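Everything below concerns the one structure shown next.
Values quoted throughout were computed directly from the atomic coordinates according to the rules given, and no laboratory measurement underlies them. Everything numeric here is computed off the predicted structure, so don't read it as measured data. Every residue, glycine as well, gets a Cβ built from its backbone with ideal geometry; the counts of neighbours run over all protein chains shown.
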Amino acid sequence: MRHSNFEDAHKGRKFIIRISTHENGFTTELQISGLPVHKDSDNLWKTRDEAIDAGVAKARGIIDSMSR
């Protein structure tokens, strides 16, 4: 299993998506600064780009809900 990272920020809060490569797809783990790690091992994406897109959407949703 290989791992890679994708880093970004939303509304000034940094987040890291750790992508794990499996034989049949990709899983993610999301770390948003100041919050516990969110493991999303129940979902499996066909491509790395799909995994990153899902992680970014999840991170933005969490960050947006914190600012309400």
Could you list H38, H3 so that the one with the fewest beta carbons within 10 Å of its beta carbon is first and the one with the most is last? H3, H38
Relative to the longest principal Cα axis of the chain, at what angle does helix 48-66 sit, 0 to 90 degrees, rounded to 10? 20
Sequence ranges 5-16, 47-58, ranked by mean other-Cβ count within 10 angstrom, highest first: 47-58, 5-16
Over 16 Å [Cα-Cα, the chain], rounded percent: 40
Which net charge results when you count Lys and Arg as +1 and Asp and Glu as -1 among the other residues whose beta-carbon is under 13 Å from that of K46? -3
Lys and Arg at +1, Asp and Glu at -1: neighbours of I63 with Cβ under 15 Å from its Cβ sum to +3
Where nothing but the Cβ of Lys and Arg (+1) and of Asp and Glu (-1) is charged, how large is the charge dipole of the chain around its Cα centre, in debye to the nearest 20? 260
Once Lys and Arg get +1 and Asp and Glu get -1 on their Cβ, which of G25, I62, N5 lies farthest toward the positive end of the dipole of the chain? I62
